[in-house]
Amino acid sequence: MGPDNFSDGYTTPNLDLNLQACIGDAWLGRGPCMVINDVSLTEDNFPEDVEFLTFSTVLHELAHILDRPLLVDFQAIPDPGRIQFETLVIANALKHEYRPLPLPYHGHEEAFIRIAIHLHYRATAIGVKTIPNLLCAGRRYSLSHAHRYMEALGEEPIELAHLPFAEITRIPPPAAFLELWQADVRSYHELFPQTLNGVLS
């Protein structure tokens, strides 16, 4: 998709098919896929920051993968024309600098935040340094700081560390966590009432 892009990392549901030609002989069949732009991460940051920024980017993209209804939909394989179209759309999007969405938190809602915090806890437990506010929530998404969501989630990442994410996402999150999310969404739409229902008027 070209060397000049503005994304440190990205993932899409069919990215393994979009990049199958790039993966080449290493492609062993369908599976979750992400791209991490080690060039931009290295060139745009201080050397001492590259490792934790890279891990934070990886976990952010992994949270997107784990937030999908299915890691891979093996039953619905798009036709080659659809894959080619998707690939062109992704390539075009990567040519532009980050542009805020009409709803800044779109695609990074409460389920994503919860998964990201669990990933942060598990990474920290094995000595991997990441920055919570790079993983989820925070000003970029017009939400409270990630540490507030961590506090609201409480001991859940510790108590559920033995469970796979598919099981965790079936368990209702703590009430305080949902209340913080709902308060953030209300505050955003009170500030920008034209965005109600997710549509700019």
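The values are calculated or read from the model by the stated rules, or taken from the named source; none is laboratory data. What you see is a predicted model; the values in this text were computed from it and never measured. Neighbour counts are summed over all protein chains in view; Cβ atoms, including those assigned to glycine, are modelled from backbone coordinates with ideal geometry. Keep in mind that these areas ignore ligands, DNA and RNA; they rest on the heavy atoms of the full protein, side chains included. Shrake-Rupley method; radii C 1.70, N 1.55, O 1.52, S 1.80 Å.
Normalising the average separation of contacting C-alpha pairs (under 8 angstrom, six or more residues apart) by the number of residues puts the relative contact order of region 64-201 at 23 percent.
Residue-wise HN-Hα couplings along region 33-42, as the Karplus relation 6.51 cos²θ - 1.76 cosθ + 1.60 with θ = phi - 60° gives them from phi, are 9, 9, 10, 10, 8, 5, 5, 5, 4, 6 Hz; Gly and Pro carry x. Extension gain for residue 124-residue 48 works out to 25.6 nm (0.36 nm per residue, less the C-alpha to C-alpha distance). Accessible surface of region 67-201, 1.4 Å probe: 60 percent of it comes from carbon and sulfur atoms.
Which residues in region 130-168 have a backbone N closer than 13 Å to a point placed 7 Å from the Cα of residue 183 along the Cα-to-Cβ line? Residues 144-145, 148-153 fall inside that zone. Between 75, 182, 20, where does the largest GNM mean-square fluctuation fall for the chain, given springs only between Cα atoms within less than 10 Å? Answer for the Gaussian network model of the chain: 75. Helix 175-191 axis versus longest C-alpha principal axis of the chain: approximately 80°, rounded to the nearest ten. Between amide H atoms placed 1.01 Å from N, distances below 5 Å from residue 10 occur with 35, all of them 5 or more places distant or on a separate chain.
Taking label positions 7 Å along the Cα-Cβ direction at both residue 85 and residue 176, the computed distance is 4.7 nm, reported to one decimal.
Between 0 and 90 degrees, the angle of helix 80-94 with respect to the longest Cα principal axis of the chain falls at about 60 degrees. Straightening the chain between residue 169 and residue 133 buys 10.9 nm, computed as 0.36 nm per residue apart minus the Cα-Cα spacing. Summed over the residues of the chain and divided among them, the accessible surface reaches 60 Å² per residue at a probe radius of 1.4 Å. Placing unit charges on each Cβ (+1 for Lys and Arg, -1 for Asp and Glu) gives the chain a dipole about its Cα centre, and among 56, 33, 126 the Cα reaching farthest toward its positive end belongs to 33.
Over all pairs of different C-alpha atoms, the chain has a mean inverse distance whose reciprocal, the Kirkwood radius, equals 18.5 Å. Pairs of Cα atoms nearer than 8 Å and 6+ residues apart set the relative contact order; for region 2-135 it is 35 percent.
Rounded to the nearest 500, what is the 222 nm mean residue ellipticity of the chain from helices alone, with -39500 (n - 2.57) per DSSP H run of 4+ residues and division by all residues? Calculated mean residue ellipticity at 222 nm is -14000 deg cm²/dmol. Computed extension length for residue 71-residue 191: 39.7 nm, one decimal, from 0.36 nm per residue of separation with the Cα-Cα distance subtracted. Here region 1-113 yields Rg over Rh of 0.96, to two decimals, using C-alpha coordinates and the Kirkwood radius.
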